[in-house]
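The values are calculated or read from the model by the stated rules, or taken from the named source; none is laboratory data. On a predicted model such as this, the values are computed, not experimentally measured, just so you know. Reconstructed Cβ throughout: ideal geometry from the backbone, glycine too, with neighbour counts over all protein chains shown. Heads up: the accessible areas ignore ligands, DNA and RNA and are worked out on the full protein's heavy atoms, side chains in. Shrake-Rupley method; radii C 1.70, N 1.55, O 1.52, S 1.80 Å.
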Amino acid sequence: MSDASARDQGRDKSRDNAMSMAAMSSERIEPDENVWTRRLVLFLRIMAVLSILKGLYHWAQVTGFIGGEEEAFENQSMAWQTATVYFAVIELVAAVGLWLATPWGAVVWLTTVVSMAVIELMFPGIYGGSLTVVVCEAVMLAAYLALAWMAARERPP
């Protein structure tokens, strides 16, 4: 009886090894189903780092770490001060949400992108009306929309 149970245990181990090897090999053969979702998350993390840098830049302007006496925060117009404080806060909030890849983070980030483009286009007196900034914001927005669309196509309803 012990001879039969030893054989059964040997078969069970060999079957388990064969099943685990089959599972490992099938993972390598199958194409990755969430490649666009991972790319979207990577993009969101990159945008989070950029948002942190932009937010810290605006806080450096508010606190006076950058710029000279004539460029000090208190010497700027009220519109410039308001926009700078707005972006100092919202960029860092967006960065947290983007890093976590949450839906609200993307919404807050989209708000910052659109806000900056509107300020540059509609109110050039505040930051100078740079079309380069508007184009960069539009490219980032288009990249996000394309990645989100491709990631949504991976997951059928």
For a quick check of your reading of the model, give me the residue pairs whose first member lies in segment 63-76 and is within 16 Å of F87 (Cα to Cα), whose second is polar (S, T, N, Q) and not in a loop (DSSP other than H, G, I, E, B), with beta-carbon atoms closer than 9 Å and at least 6 apart or on different chains. F73/Q61; F73/T63; F73/Q81; F73/T84; Q76/Q61; Q76/T84
Pull up segment 13-54, narrow it to residues that are farther than 27 Å from L98 by Cβ and not in a helix (DSSP H, G or I), then point me to the one that is modelled with the lowest pLDDT. E30
Listed by first then second residue, the pairs whose first member lies in segment 139-151 and is among the small types (G, A, S), whose partner is open to solvent by 50 Å² or more (accessible area, probe 1.4 Å), with beta carbons under 7 Å and at least 6 positions apart or on separate chains, are A151/W36
Give just the number: which of (1) under 11 Å from the mean Cα position of the chain (by Cα); (2) modelled with pLDDT under 95 does I126 not satisfy? (1)
So which helices (runs of 4 or more DSSP H) are wholly in segment 63-136 and hold at least 3 residues that are open to solvent by 30 Å² or more (accessible area, probe 1.4 Å) and closer than 26 Å to A148 by Cα? 78-99, 103-122
Checked segment 79-101 for anything under 11 Å from the mean Cα position of the chain (by Cα) and at pLDDT 95 or above; matches are A94, A95, V96, G97, L98, W99, L100
